[in-house]
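Report on the following structure.
The values are calculated or read from the model by the stated rules, or taken from the named source; none is laboratory data. Everything quoted here is computed from the prediction, not taken from an experiment. Because the Cβ atoms are built from the backbone with ideal geometry, glycine has one as well, and the counts that use them run over all protein chains shown. Note: accessible area is taken over every heavy atom of the protein model, side chains too, but ligands, DNA and RNA are not part of it. Shrake-Rupley method; radii C 1.70, N 1.55, O 1.52, S 1.80 Å.
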Amino acid sequence: MDDALKPDAVAASIARIPYARFLGIDFEVKGDELTLVMPYSEHLLGRPNPPALHGGVIGALLEIVAIAQVTATSGVKRAPKTIDVTVSYLRSGRPVDTYARAHISRLGRRIANARAEAWQSNRFDPIATLHGNFLLRADEP
């Protein structure tokens, strides 16, 4: 079985999330790794001086990457429904491009568990992490 993610499926899953379009989120797929890219824009700031990204924007980026990863990995056509998420803010998000990547911890028939990280200049120095549980909804006929 080919483990590579299909860019068309990823694009479709992200396109179904209106807030992702508002944030200007783009993505990169390399093999089985999906990375979301949120280009910096002034409307993403939560604090003007010193400038810092809004925490809700960072949390949304993490939830979107987790949903996109679960959708692309599971192959379901309907986006999973968020059951719960816990976001840990580790440091302030600077006014630069932000990246996020998710990993599926468990993928069952009905529930998926995922963890995600957001970073800016150094992937190994995350600004926030997410742990989430998602309900896989059956595809409609």
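Here is how the numbers come out for the structure above:
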| read-out | value |
| --- | --- |
| Theoretical ellipticity at 222 nm over the chain - DSSP helices of four or more residues, -39500 (n - 2.57) apiece, nearest 500 | -7500 deg cm²/dmol |
| On Cα atoms only, tilt of 55-74 relative to the major axis of the chain in degrees | 20 |
| Solvent-accessible heavy-atom area per residue, rounded to whole Å², over the chain at 1.4 Å | 56 |
| Amide hydrogen neighbours beyond the local backbone of ARG94, cut-off 5 Å, H modeled | LEU53 |
| Sequence ranges 46-55, 98-107, ranked by mean other-Cβ count within 10 angstrom, highest first | 98-107, 46-55 |
| Over the chain, equivalent-ellipsoid semi-axes from the Cα gyration tensor in Å | 26, 15, 14 |
| Unit charges on C-beta of K, R, D, E only; dipole of the chain, Debye | 400 |
| Separation of alpha-carbon centers, region 62-86 and region 1-54, rounded to whole Å | 13 |
| Length added when fully stretched, ARG78-SER105, from 0.36 nm per residue minus Cα-Cα | 7.7 nm |
| Under Karplus coefficients 6.51, -1.76 and 1.60, residue-wise ³J(HN,Hα) of region 11-23 in Hz, glycine/proline x | 4, 5, 5, 6, 5, 6, 10, x, 5, 4, 5, 4, 6 |
| Computed over region 1-100: relative contact order in percent, which uses C-alpha pairs under 8 Å that are six or more apart | 32 |
| Apportionment of accessible area to carbon and sulfur, the chain, percent (1.4 Å) | 51 |
